[in-house]
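Below is one structure, written out as structure tokens; comments come after it.
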Amino acid sequence: MLNLDARQRAMLDEMGVKVWWPVAASTEAPAAVAVPAAAPPMPRASTLPSAPVPVPVPAPAPPVVARPAAAPSAASVLVEVPRLLYGPEGAAQGGWLIVADMPPGLDGRHAEPFDGDAGRLFEAMLRALQLHTGAVPVQLMRTHRGVASGQPGSPRPIAEGLPLPAVVPQVVLAMGPLASQSLLQSGEPLGRLRGRAARAVLPGWEAVPLVATYHPAYLVRNPADKARAWADLCLAADQFGPS
């Protein structure tokens, strides 16, 4: 650093030479300027903590109320008193007993088991076995579901036993699923009950052979099964013996 006296500084000043002299540094520290603290950056929308979503609490299930058991139906399988179709009146024993279903009619009543085409087919089946000649008694017993009235001579539940016919048969031919299942006390379909000789599971009828077969009304709708029905008729005839 130049060490100039006052006269030298005056001469430099006249020459237009500016001489800058350092200013002595102050020993006092400058006052600290308070800088406001920077606010924390706002988080982005994606980083904002989501508010807890309330989880819906399922309503408690209503208590299970036990339903009362369904009352058993008052309807049961009923059988009518057998009537003689062919044969001499007053015969003591022998012959055929045909137990046939009575199909429900359109009006809710039970129709005749052998009406229309079904009746004509039934007659043809009896003629094929030569039963129409009356050489042996042929009886018909109709069965259907209903409520027994309890009146004398009215249909009675089959569970109480078959009414004693005027002529004790030597063979029973059950036509239709209701008659076959009721007489054999079986829940198997008719297709499994037919084609074999069995015994009625009813008191007093254990010794009488029984053959189950299709109802003529069914055969009218399903003619392909007529051959099986004819085989059943032949099987029933084989069970028939001389009185």
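The values are calculated or read from the model by the stated rules, or taken from the named source; none is laboratory data. For clarity, every value in this text was computed on a predicted model and none was experimentally measured. Neighbour counts are summed over all protein chains in view; Cβ atoms, including those assigned to glycine, are modelled from backbone coordinates with ideal geometry. Only protein heavy atoms, including side chains, enter the accessible area calculation; ligands, DNA and RNA are left aside. Shrake-Rupley method; radii C 1.70, N 1.55, O 1.52, S 1.80 Å.
May I ask you to verify whether residue 156 is at pLDDT below 95, surrounded by 12 or more Cβ atoms within 10 Å (Cβ to Cβ) and among the basic types (Lys, Arg)?
On the way: at pLDDT below 95: yes; surrounded by 12 or more Cβ atoms within 10 Å (Cβ to Cβ): yes; among the basic types (Lys, Arg): yes.
Considered against the rule, which asks whether it is at pLDDT below 95, surrounded by 12 or more Cβ atoms within 10 Å (Cβ to Cβ) and among the basic types (Lys, Arg), residue 156 comes out as yes.
Out of the residues in region 92-119 meeting the condition of being of a type in the set (A, V, I, L, M), open to solvent by less than 40 Å² (accessible area, probe 1.4 Å) and in a loop (DSSP other than H, G, I, E, B), tell me which one is modelled with the highest pLDDT.
From region 92-119, those of a type in the set (A, V, I, L, M) are 92, 97-100, 102, 106, 111, 118; that's our starting set.
Right, trim to open to solvent by less than 40 Å² (accessible area, probe 1.4 Å) and you get 97-100, 102, 111, 118.
Those left that are additionally in a loop (DSSP other than H, G, I, E, B): 102, 111.
On the way: 102: 84, 111: 55.
Per the criteria, the residue is 102.
Within the set of pairs 6+ apart or on separate chains, which have a first residue in region 121-132 that is assigned to a loop (DSSP other than H, G, I, E, B), a second that is surrounded by 14 or more Cβ atoms within 10 Å (Cβ to Cβ), and C-beta atoms under 7 Å apart?
As it stands, the answer is 129/233; 129/237; 131/86; 131/96; 131/138; 132/86; 132/126, since those pairs meet every condition given.
Is there a residue in region 179-190 that is modelled with pLDDT of 95 or more, within 26 Å of residue 88 (Cα to Cα) and open to solvent by less than 30 Å² (accessible area, probe 1.4 Å)?
No - not one qualifying residue is present in region 179-190.
Here's a check for you: in region 223-232, which residue that is surrounded by fewer than 18 Cβ atoms within 10 Å (Cβ to Cβ) and touching a residue at least 24 places away in the same chain (Cβ under 8 Å) is farthest from residue 172 (Cα to Cα)? Explain how you work it out, then say what you get.
Residues of region 223-232 that are surrounded by fewer than 18 Cβ atoms within 10 Å (Cβ to Cβ), as a first pass: 223-228, 230-231.
Then drop every residue that is not touching a residue at least 24 places away in the same chain (Cβ under 8 Å), which leaves 228, 230-231.
Numbers: 228: 17, 230: 15, 231: 15 Å.
Applying the filter and picking the extreme gives 228.
Please find, among 220, 201, the residue that is outside any loop (DSSP other than H, G, I, E, B), open to solvent by 20 Å² or more (accessible area, probe 1.4 Å) and touching a residue at least 12 places away in the same chain (Cβ under 8 Å).
On the way: 201 fails: outside any loop (DSSP other than H, G, I, E, B).
Exactly one residue qualifies, and that residue is 220.
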